[in-house]
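A.B. asks: Have a look at this one.
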Amino acid sequence: MESFQVTSVKEALKLPQDAKMTMAVQVLQVESVQSYTYAQDTKQSYFPCLVGDSSDCAWLRVYQVPKITQCPGSTKVCPWMDVIVPDNVKAAAQQLPKEMKTATRPLNEAIAGTSPSTVTGKITQVSPLKRFHDNTLSSKFLRLVDDAQQPPVKVALFGREAEQAYSPGDVIRITDTYPYKKTNSLSTKKSAKVEFLPQEHIPIDVTKIPSTDDADFKADETTVEAITVIAAQSAYSYQACDKPICRNKKILDDGTCPTCHNKPSTEAHYSSALLYIARENNNFNEIRIFQDNLMKLFPDIPTNDSAAMMTHMKSAVPVSAKGRFTRTGLEILSTKRKQCS
Ligand SMILES: [Zn+2]
C-alpha cells in the first residue's frame, strides 16, 4: 500500500492541487450531496465538508465517485484519532467561503469585474478546436448567454476543458474565469473546470441568436477536425477531357473539349457529390466534394455513373474521416474504414 505523509490542514493548503496526502481532521460541518455531470456523460457527486485541525480549517470535497480534482481517486475516509480544533480555528471556519474559490456572477458582471468569477451560461456557438505552441495547447471558444436581454459572451477554454465536446443549447458552469483584457470576453485559468447542468436551467432559445463572424469561431486552414459523412444528397458525373492541362473540362455534345478542341481518346469521367457532414463542433454542413477527395472517402466509388455513385455511397455511410475545411472546400486527410463483415 502506498503511504502518504500525514500532514496538517495548514500544510495541505500549500501543497500543489494534485498532491496526495493523509490528514487527520475533525469534521465541523457537512453539506448536502451535490451532483453534476462531467464530460457530458459522467455523473459525479460529492459532499462539501468543513474540516479543521489545530493548525487551520478548509472546505473539502469528498467524492462519492472519486475521480477528479480535489480528492484523488484513492481517497478513503475513516474514523481516526481525536483531533482538537481550537476555538479560534472554529470561528475562522465559519467565515470561510463555501468551497468556492471564485464568486459566482452573471456574465455581464464577470466581463466587467476585476477578479475571477464562476459563470453559468447556455452555449449559443462553439468554435473549432484550435491548437497552439506546436499542437501542445488546445483551445476552444464558446459563446454563452444567461440573460435574453444581453448579448452572448465569448469564453476561451484551454487544454482538457477545450477538448470536451460542446453543443449549442448545453448549459455549463465554468469556474475560474477572468475578464480578458478589455474585450468584453472571458478567459479561463488553468484551474478552470466546466460542469454540465440541465438545459432547463437557462430557458433561453439559443437557435434564435445570430452567430458571430468573429474569426475565432471560423475554422482556419490549419484546423484538422473529425468529420462524419452522414448521407449523400446527390451525385454528379460527366465525361471529362483526359488531358491534365484541361482540368477536367466537360466534353461538349459534339464530343470535343471546349478548351483543347480535341476528341478525348479515353472515357475519362469527373465526378462530385453533395454530402451531408457532421462536424466536430456538432454543427452540420452540406458540402460539395470533388473527385479527389470523394475517392478518399469512398475508394471504390464508380465515378463514371451518377446513379451507381449514389448506391455506393448510401451503402458506405456513415464514413468517419479527418478533414480540414479550407477556403475552397473540404480536404480529406484520412478515413476510418467500416469493418467488412
Ligand atoms: Zn481538353
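A.B. asks: Across the range 214-248, which residue is farthest from Phe284 (Cα to Cα) among those that are away from the ligand (no atom under 16 Å from the Cβ) and among the aromatic types (Phe, Trp, Tyr)?
C.D. replies: Tyr236
A.B. asks: Here's something else I'd like to know. Going through the range 29-47 one residue at a time, which ones are surrounded by 18 or more Cβ atoms within 10 Å (Cβ to Cβ) and at pLDDT 70 or above?
C.D. replies: The answer is Tyr46, and nothing else.
A.B. asks: Just the residues that are within 16 Å of Ala219 (Cβ to Cβ) and of a type in the set (Phe, Trp, Tyr), please, taken from the range 111-169.
C.D. replies: Those that are within 16 Å of Ala219 (Cβ to Cβ) and of a type in the set (Phe, Trp, Tyr): Phe132, Phe141, Tyr166.
A.B. asks: Now a separate question. Just checking, does the range 250-259 include any residue being in contact with a helix residue (DSSP H, G or I) (Cβ under 9 Å, 6 or more places away or on another chain), surrounded by fewer than 16 Cβ atoms within 10 Å (Cβ to Cβ) and over 30 Å from Asp170 (Cβ atoms)?
C.D. replies: Yes: the range 250-259 contains one or more residues that are in contact with a helix residue (DSSP H, G or I) (Cβ under 9 Å, 6 or more places away or on another chain), surrounded by fewer than 16 Cβ atoms within 10 Å (Cβ to Cβ) and over 30 Å from Asp170 (Cβ atoms).
A.B. asks: Hey, can you tell me all the residues within the range 286-333 that are over 12 Å from Val229 (Cα atoms) and either assigned to a loop (DSSP other than H, G, I, E, B) or of a type in the set (Val, Ile, Thr) (or both)?
C.D. replies: Pro299, Asp300, Ile301, Pro302, Thr303, Asn304, Asp305, Thr311, Thr326, Arg327, Thr328
A.B. asks: Determine whether Thr223 is modelled with pLDDT under 90 and hydroxyl-bearing (Ser, Thr, Tyr).
C.D. replies: yes
A.B. asks: Which members of the range 181-209 meet the condition of being surrounded by 12 or more Cβ atoms within 10 Å (Cβ to Cβ) and under 21 Å from Ser138 (Cβ atoms)?
C.D. replies: Ser185, Leu186, Ser187, Thr188, Lys189, Ser191, Ala192, Lys193, Val194, Glu195, Phe196
A.B. asks: Among the residues of the range 318-341 satisfying the criterion of being among the aliphatic types (A, V, I, L, M) and buried (at least 17 other Cβ atoms within 10 Å of the Cβ), which is modelled with the lowest pLDDT?
C.D. replies: Ranking the qualifying residues of the range 318-341, first place goes to Leu330.
A.B. asks: Another question, then. Would you confirm whether or not the range 187-208 contains a residue that is more than 16 Å from the ligand (Cβ to nearest atom), touching a helix residue (DSSP H, G or I) at 6+ places or on another chain (Cβ under 9 Å), charged (D, E, K, R) and not assigned by TED's automatic domain parsing to the domain that holds Ala321?
C.D. replies: yes
A.B. asks: Restricted to the range 139-153, and to residues that are among the polar types (S, T, N, Q) and free of Cβ contacts under 8 Å to residues at least 40 places away in the same chain, which residue is nearest to Ser187 (Cα to Cα)?
C.D. replies: If we take residues in the range 139-153 being among the polar types (S, T, N, Q) and free of Cβ contacts under 8 Å to residues at least 40 places away in the same chain, then Ser139 is nearest to Ser187 (Cα to Cα).
The values are calculated or read from the model by the stated rules, or taken from the named source; none is laboratory data. Worth saying up front: this structure is predicted, and the values here are computed from it rather than measured. Neighbour counts run over all protein chains shown; Cβ positions are idealised from the backbone, glycine included.
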